[in-house]
Amino acid sequence: MIDVKKHIIESDVLVVGGGIGGLMAAIAAADGGADVIVAEKSDTRRSGSGATGNDHFTCYIPEVHQCGIEVILEELNNSLVGGNADPYIQLKFLSRSFEVVQDWNKWGINMQPHGEWEFNGHAYPGRKRIFLKYDGYNQKEVLTKEALKRNVRIVNKTPVTDFLTYNGRIVGAIGIDITKEEPEIVIFKAKAVISATGNTSRLYPSITPSQLFNTGHCPNNTGAGRAAAYRAGAKLINLEIPNTHAGPKYFERCGKATWIGVISDVMGNSIGPFVDKPTKELGDITADVWHSVFTDKMQDGTGPVYMNCTETSKEDMDYMLWGLKCEGDTSLIDALDDAGVSLKRDMVEFTKYEPILVGRGIEIDEFGRTSVDGLYSAGDEVGNFRCDISGAAVMGRFAGEHASGYVKDVNNDGIDLFSHKTVLEAQKFYSRLYENKGSSTWEEFNHGIQSILDDYAGIRYVRSKTLLESGLEYLDHLEQKAKNELIVNNSHELMRALECFVLLQIGRLICLTALERKETRGMHKRSDYPFTNPLLNKKFLTIRRLENGKNELEWRDMRIN
Ligand SMILES: Cc1cc2nc3c(=O)[nH]c(=O)nc-3n(C[C@H](O)[C@H](O)[C@H](O)COP(=O)(O)OP(=O)(O)OC[C@H]3O[C@@H](n4cnc5c(N)ncnc54)[C@H](O)[C@@H]3O)c2cc1C
């Protein structure tokens, strides 16, 4: 049996995931007077999708924008982070976004790298620009320091695998200490939990399927918070609407808006209607609007499609290379150099990456509260709001602020977590994997999940009742096989194996919700319902697990206020 550590780690607020959302939540909760712990799978100084930096921070600065907040809200919804979000949360986010920008600037993240508030990239000609250009290469280091200054305790190398509830409210979580060869189960006791574990990488095959970790976002983010929240009874939302990012082909890196070029055909001619010449102010927003441009052009034979920087001025080229460094895309710059690519001479082929859940996941309200008492969520794992880095930062703050007040009225005395059903079941299951005598690896398991989801619930083919139901059946079969045959030799492999069970669970929820959405919308293409149903406009689909283990699927209206 895998040991459970004798010492329970106790706090008012437990933050799960020390990325941007998690650290901002921890800082805000500590500022609100709470005793805070961050449990992080990796090391908060360099973890998550914001690990190496970012360079665009969506925000509203009234004196710069010189317009009402509704104008900026409209631009937000026309951008890559728009749609599938409740406007009442978007408005609250925008109204406090500048406050966070100012704090970051004060703390040492350079939000005015050229001395003024500069909005560039992801922009339409003649419209307000909403993406503040900043230099985020040190953001994780700075936020970690700010958290430590406030006596937040950071427990690195401890992936959280489940949340613990008692009488319907959150009382803690389980993690695994992976610092040693032999894993140990860690119990966290808390009055509130803020889940912020980021996106879901490794759910679908990457652009180079044999390389599991060649993903645009952080490959270690595999949806743990969503799965744990679902098991704890929280509602998940918008899972069935696929979302993709784009960037250089065969070398997955986010950051396409940092490129200052024109999305072009093989002759170097602009494909979209937005720009003919590269400008740092606009970039080329074509791929944010026409997500399938790259695959459409491959399928009709008029591709490939390129990022064309050959007409970019020297000044803008320098600005672009600086921007790529701000968001930590230095390995990409090195790879281009190694391959002898000159951006002044050569166009770079771009492509659409695999589907990923960002802004699809846990349902929250404007305070970051989920439908389970004491459980909050922020960042990429939220399902009814999305704004990437700034969304994670601002909504993380909201969740931390609210949680620090909530815990004042909560009493966890007398709750025995060593004999909690979830702890005992987890210990049994993890030990079973550890003692299995099978011959299958977690990598094979991960590839299996990806193949099934790609074939039966992806975007490469259509979706339909028969395909989705077959996918569900294959996932069940694979899960059973993995339980019996997976081989796990150390704490690292146990972590990876458990990530795969999470991915499988999320894949199953995608199938179930995709079955329920009987229409075609965006990249959710149903061959048996090949039309967009106007009755489902501005409607979101939620799923939650009932106590009897059954799923409850519900439609609800988008909330304006
Ligand atoms: C190269 C690149 C460039 C980008 N550029 C921009 C940009 O310019 N502007 C923008 O708005 N967005 C950008 N993004 C997206 C942005 O980085 C993310 O939206 C943002 O980091 C999300 O924050 P988060 O806190 O939700 O998740 P993350 O920052 O990804 O943090 C999640 C954290 O959870 C931890 N974790 C995961 N599982 C567990 C577990 N089981 N237990 C404990 N911890 C766990 C992870 O290790 C990680 O620390 C970019 C992304 C990339 C990859």
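Candidates ARG508, ARG556: the one that is in a strand (DSSP E or B) and either surrounded by fewer than 13 Cβ atoms within 10 Å (Cβ to Cβ) or out of contact with any His (no Cβ under 7 Å at 6 or more places or on another chain) (or both) is ARG556.
Looking across region 105-142, the residues that are in contact (Cβ under 8 Å) with a residue 60 or more places away in the chain, surrounded by 22 or more Cβ atoms within 10 Å (Cβ to Cβ) and over 17 Å from ASP316 (Cβ atoms) come down to ILE130, LEU132, TYR134, GLY136, GLN139, LYS140.
Answer with yes or no whether ARG345 is charged (D, E, K, R) and either in contact with a Leu (Cβ under 8 Å, 6 or more places away or on another chain) or under 30 Å from ARG169 (Cβ atoms) (or both). For ARG345, the condition - charged (D, E, K, R) and either in contact with a Leu (Cβ under 8 Å, 6 or more places away or on another chain) or under 30 Å from ARG169 (Cβ atoms) (or both) - is not met.
Evaluation of VAL488 against the conditions (1) assigned to a helix (DSSP H, G or I); (2) of a type outside the set (Asp, Glu); (3) out of contact with any strand residue (DSSP E or B) (no Cβ under 9 Å at 6 or more places or on another chain) shows that the sole unmet condition is (1). For region 187-203, the set of residues classified as more than 6 Å from the ligand (Cβ to nearest atom) and in contact with a Gly (Cβ under 6 Å, 6 or more places away or on another chain) consists of PHE188, LYS189, ALA190, ALA192, SER195, THR200, listed by residue number.
Is there a residue in region 530-545 that is in contact (Cβ under 8 Å) with a residue 60 or more places away in the chain, in contact with a strand residue (DSSP E or B) (Cβ under 8 Å, 6 or more places away or on another chain) and outside any strand (DSSP E or B)?
From region 530-545, those in contact (Cβ under 8 Å) with a residue 60 or more places away in the chain are 540-545; that's our starting set.
Subsequent filtering for residues that are in contact with a strand residue (DSSP E or B) (Cβ under 8 Å, 6 or more places away or on another chain) retains 540-545.
From what's left, outside any strand (DSSP E or B): none.
Checked against the condition, which is being in contact (Cβ under 8 Å) with a residue 60 or more places away in the chain, in contact with a strand residue (DSSP E or B) (Cβ under 8 Å, 6 or more places away or on another chain) and outside any strand (DSSP E or B), region 530-545 yields no hits at all.
GLY33: part of a loop (DSSP other than H, G, I, E, B) and over 28 Å from ILE174 (Cα atoms), yes or no? The answer is no for GLY33.
Okay, residues lined up against (1) at positive phi; (2) part of a loop (DSSP other than H, G, I, E, B); (3) in contact (Cβ under 8 Å) with a residue 24 or more places away in the chain:
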| position | (1), (2), (3) |
| --- | --- |
| SER42 | no, yes, yes |
| GLY48 | yes, yes, yes |
| THR52 | no, yes, yes |
| TYR60 | no, yes, yes |
| SER79 | no, yes, yes |
| PHE93 | no, no, yes |
| GLN102 | no, no, no |
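Residue by residue, here is whether (1) aromatic (Phe, Trp, Tyr); (2) within 25 Å of HIS447 (Cα to Cα); (3) at pLDDT 95 or above; (4) within 16 Å of the ligand (Cβ to nearest atom) holds:
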position: THR215; (1), (2), (3), (4): no, yes, yes, yes
position: ALA229; (1), (2), (3), (4): no, yes, yes, yes
position: ALA257; (1), (2), (3), (4): no, no, no, yes
position: ILE263; (1), (2), (3), (4): no, no, yes, no
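Would you pick out the residues in region 43-57 that are more than 6 Å from the ligand (Cβ to nearest atom) and either among the β-branched types (Val, Ile, Thr) or over 13 Å from ASN199 (Cβ atoms) (or both)? If the condition is that a residue be more than 6 Å from the ligand (Cβ to nearest atom) and either among the β-branched types (Val, Ile, Thr) or over 13 Å from ASN199 (Cβ atoms) (or both), then ASP43, THR44, ARG45, ARG46, THR52, GLY53, PHE57 are the ones that fit.
Looking at GLY328, GLY396, can you tell me which residue is within 12 Å of the ligand (Cβ to nearest atom) and either hydroxyl-bearing (Ser, Thr, Tyr) or in contact with a Ser or Thr (Cβ under 6 Å, 6 or more places away or on another chain) (or both)?
Values: GLY396 fails: either hydroxyl-bearing (Ser, Thr, Tyr) or in contact with a Ser or Thr (Cβ under 6 Å, 6 or more places away or on another chain) (or both).
Answer to the selection: GLY328.
Would you confirm whether any residue within region 202-224 is in contact with a helix residue (DSSP H, G or I) (Cβ under 7 Å, 6 or more places away or on another chain), assigned to a helix (DSSP H, G or I) and crowded, with 24+ Cβ neighbours inside 10 Å? Within region 202-224 (the criterion being in contact with a helix residue (DSSP H, G or I) (Cβ under 7 Å, 6 or more places away or on another chain), assigned to a helix (DSSP H, G or I) and crowded, with 24+ Cβ neighbours inside 10 Å), the answer is yes, since at least one residue qualifies. Candidates are the residues of region 231-248 that are within 15 Å of the ligand (Cβ to nearest atom) and either of a type in the set (A, V, I, L, M, F, W, C) or part of a helix (DSSP H, G or I) (or both); the one that is farthest from GLU493 (Cα to Cα) is ALA246.
The values are calculated or read from the model by the stated rules, or taken from the named source; none is laboratory data. Keep in mind that what you see is a predicted model, and the values were worked out from it rather than measured. As a convention, Cβ positions derive from the backbone with ideal geometry for all residues, glycine included, and neighbour counts pool all protein chains shown.
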